Amino acid sequence: MDLEEAIRNRRSHRLFKNAPVEREKIDAILDAAHWAPSPANTQPWEFIVIRRRDARRRLFEFSEEAKRSGRIEVRGFSYVRPLPETVAEPSSEESERLALQHYSLSFLKNVPVIIAIVGLPLTSVRSASYQETRDSYKYSCGAVIQNILLTAESLGLGSLWFTLFDQKPVRQFLRIGNSKHLVAMVLVGYAAISPPSPGRLPLKEKITWID
Ligand SMILES: Cc1cc2nc3c(=O)[nH]c(=O)nc-3n(C[C@H](O)[C@H](O)[C@H](O)COP(=O)(O)O)c2cc1C
């Protein structure tokens, strides 16, 4: 698969087949992740690969609990299932609360592989380009995650960049120390459906040319 095809065809998947992912594919994904760029090649990341069923179930339970208690927000996410009429107004707070109720997190139980992306803030280097100099590890982890998503796509796998979780219990469960930051979890598995493309805003609205 060429790069352009992988970039365009990649979708966020929230429904996975009940099939394991081959170890070689997971290794290839982690290798691609590790080749991401970082400031001064600091490589401010670590990975936790979660495959055990009971561990995935715990992650699901933590997220469900956070969803019920309103500790996570839903802004900016797209949904597999159309939302009922009552949540048609996307900008109001009430509609966001309702939308969250309709957002199923079952994929956390069903997906065969979850890769936790752990950022290492202490290895961030100072850079004049970043207002918050300590933030540079986050940008590196973003590059890591995009490598994972595109490699998964090229290997015939579906993936999801997942952030809608409650940091505290998940960090405790994964034994992530205070000096580290759980940036995201990336779900990887064989996709059960081909989700429609949510599309993008017109590109020309996003570009300023200085000719
Ligand atoms: C920083 C970031 C966080 C995201 N977190 C979640 C999430 O927690 N749950 C989810 O279902 N999708 C999440 N997504 C996926 C987006 O909803 C998705 O990329 C977007 O709707 C565009 O759809 P596409 O990926 O299929 O092109 C996240 C994406 C990014 C970049």
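With the requirement that a residue be among the charged types (D, E, K, R) and more than 11 Å from the ligand (Cβ to nearest atom), what does region 8-33 give you? Give the steps one after another, and end with the answer.
Quick first cut of region 8-33, residues among the charged types (D, E, K, R) only: 8, 10-11, 14, 17, 22-25, 27, 31.
Lys17, Glu22, Arg23, Glu24, Lys25, Asp27, Asp31 - these are the residues of region 8-33 that are among the charged types (D, E, K, R) and more than 11 Å from the ligand (Cβ to nearest atom).
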So which of Glu46, Glu94, Glu89, Glu61 ends up being at pLDDT below 95, closer than 30 Å to Pro20 by Cβ and away from the ligand (no atom under 15 Å from the Cβ)? Glu61
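Among the residues of region 156-182, what is the count of those that are assigned to a loop (DSSP other than H, G, I, E, B) and either under 22 Å from Ser106 (Cβ atoms) or touching a Pro at 6+ places or on another chain (Cβ under 6 Å) (or both)?
Of the residues in that region, 5 qualify.
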For Thr163, only one of the following conditions fails: (1) near the ligand (Cβ under 10 Å from one of its atoms); (2) at pLDDT 95 or above. What is its number? (2)
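Checking the conditions here, which among Arg200, Arg171, Arg175 is surrounded by fewer than 16 Cβ atoms within 10 Å (Cβ to Cβ), more than 15 Å from the chain's Cα centre (by Cα) and closer than 19 Å to Ala55 by Cα? Lay out the reasoning, then the answer.
On the way: Arg200 fails: closer than 19 Å to Ala55 by Cα; Arg171 fails: surrounded by fewer than 16 Cβ atoms within 10 Å (Cβ to Cβ).
Arg175 is the lone residue from the list that is surrounded by fewer than 16 Cβ atoms within 10 Å (Cβ to Cβ), more than 15 Å from the chain's Cα centre (by Cα) and closer than 19 Å to Ala55 by Cα.
Could you please let me know if Lys67 is buried (at least 19 other Cβ atoms within 10 Å of the Cβ) and either in contact with a Pro (Cβ under 9 Å, 6 or more places away or on another chain) or more than 17 Å from Val113 (Cβ to Cβ) (or both)? Before the answer, list the steps.
Working: buried (at least 19 other Cβ atoms within 10 Å of the Cβ): yes; either in contact with a Pro (Cβ under 9 Å, 6 or more places away or on another chain) or more than 17 Å from Val113 (Cβ to Cβ) (or both): yes.
Yes.
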State which residue is nearest to the ligand (Cβ to nearest atom) when the search covers only region 166-211 and only residues that are closer than 17 Å to Phe47 by Cα and free of Cβ contacts under 8 Å to residues at least 24 places away in the same chain. Gln167
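The values are calculated or read from the model by the stated rules, or taken from the named source; none is laboratory data. Only a predicted model underlies this, so the values are computations on that prediction, with no experimental measurement involved. For neighbour counting, all protein chains shown are included, and Cβ atoms are generated from backbone atoms with ideal geometry for every residue, glycine included.
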